[in-house]
Amino acid sequence: MDERDWLAPGRNDPRQEQSYPAVDVPALYPEIEPYDSGFLDTDDNNQIYWVVCGKPAGKPALVVHGGPGSGCSPAFRRFFDPSVYRIVLFDQRNCGRSRPHASDPETDLTTNTTQHLVADIELLRQRLDIDRWLVMGGSWGSTLSLAYAEAFPQRVSEMVLFGVTTGRHAEVDWAFRGGLARFFPQQWDRLLNAVPSKLSDGDIVDAYHRLLNDHDPEVRRRAAEEWWLWESATPHWPPTTGLDGRFQDPEYALAFARIVTHYARHNLFLEDGILIRNASVLSTIPGVLVNGRFDFQAPLSNAWELKRVWPRAALVVVEHTGHGTDAPLSSELVRATDRFKEE
């Protein structure tokens with residue numbers, strides 16, 4: 001990391017952006033195992049898997065994973081000091097260890113919406129008898145975290161968001177309807193060309209949604225493979241080729257593709273721009289926004305525009321970094337949670 005740009009809370013003037021020389025990079029905390037886990041039963045027959053790690057009587061923190069459909073990784077536990085934080089992680093509906101799983105074509109995703117996920121988070125808070133918690137979310141998880149915080153601001157003590165997205169329809173179009181094609185034209189053409197001619201005149205997301213839900217398992221498999229290759233092409237800086245390791249598991253990959261296209265074709269079940277317009281309800285919540293300078297999937301402008309309407313958020317720009325949690329960006333997430341340890 002060559003420099004760190006920190007825009008302090010309340011400083012929205014781009015002329016006041018400050019650059020800092022390289023500083024000591026905080027290490028990730030050691031790997032830890034959960035001390036508690038279980039399933040949250042919803043009233044519509046979903047079971048949401050959750051785990052709790054760290055200090056049982058510690059400062060509560062919730063991790064909201066991306067995707068949608070990625071499931072929560074054990075690596076996220078390492079962003080928090082386990083001697084201070086009570087760290088809660090959960091798999092959103094129909095992915096990870098939650099049930100029913102979207103890899104089963106019979107699993108109906110009708111009740112998997114942003115509003116359902118927000119309700120699940122609040123139900124989980126009540127189940128774990130937590131008053132307020134720090135909320136961390138990355139990529140899609142930052143959109144869901146914002147939706148939760150704006151619905152229940154009194155339950156959020158601080159926020160740490162990375163690979164920032166805000167749920168605007170233009171962001172969905174950028175990622176899934178050709179915006180990113182200007183940087184990845186070959187990969188985008190492959191995604192388009194894999195669609196049968198009878199579906200090629202319509203919306204690309206809708207076409208893949210139909211293929212991923214086809215009765216023929218081979219059609220589903222081929223559609224998922226093309227979608228995985230597109231998803232693999234765009235997150236990294238420098239860009240990489242081939243299939244991301246996470247997509248080697250066919251059940252994971254099919255569930256991920258089904259859930260992502262389900263959300264994208266519905267524009268994330270959000271009114272356009274609603275999370276930016278309602279950001280005033282975050283006025284009492286301190287936050288840190290962490291974004292890679294070369295994040296193709298979540299361009300830095302998303303975080304900048306959110307910060308403009310959320311004065312208590314600080315913005316950290318990580319140089320030479322894309323989308324995800326490489327070492328420099330992960331270090332900034334540790335720095336952010338350390339910052340809030342005593343608050």
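The values are calculated or read from the model by the stated rules, or taken from the named source; none is laboratory data. From a predicted model like this one, the values you see are computed outputs, not experimental measurements. Glycine also receives a Cβ, built like all others from the backbone with ideal geometry; neighbour counts cover every protein chain displayed. For accessibility, only protein heavy atoms count, side chains too; no ligands or nucleic acids. Shrake-Rupley method; radii C 1.70, N 1.55, O 1.52, S 1.80 Å.
So here's what we get for this one:
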read-out	value
Every pair of residues 6+ apart whose Cβ atoms lie under 7 Å, when the first sits in region 272-284 and is closer than 10 Å to Trp310 by Cα while the second is open to solvent by 60 Å² or more (accessible area, probe 1.4 Å)	Ile276/Glu305; Ser283/Arg312
Strands (runs of 3 or more DSSP E) wholly inside region 1-60 containing at least 3 residues that are at pLDDT 50 or above and either farther than 22 Å from Phe340 by Cα or under 22 Å from the mean Cα position of the chain (by Cα) (or both)	36-41, 47-54
All positions within region 248-274 that are buried (at least 20 other Cβ atoms within 10 Å of the Cβ) and within 19 Å of Ala147 (Cα to Cα)	Ile259, Val260, His262, Tyr263, Ala264, Leu268, Leu270
From Thr321, Thr325, Thr337, residue being among the β-branched types (Val, Ile, Thr), part of a helix (DSSP H, G or I) and buried (at least 23 other Cβ atoms within 10 Å of the Cβ)	Thr337
Residue selected from region 294-310 under the condition under 17 Å from the mean Cα position of the chain (by Cα) and closer than 15 Å to Val160 by Cβ, by the criterion surrounded by the most Cβ atoms within 10 Å (Cβ to Cβ)	Ala298
Within region 206-237, considering residues that are in a loop (DSSP other than H, G, I, E, B) and modelled with pLDDT under 90, the one nearest to the chain's Cα centre (by Cα)	Pro235
Candidate set: region 63-77, residues that are in a helix (DSSP H, G or I) and in contact (Cβ under 8 Å) with a residue 60 or more places away in the chain; chosen: the one surrounded by the most Cβ atoms within 10 Å (Cβ to Cβ)	Phe76
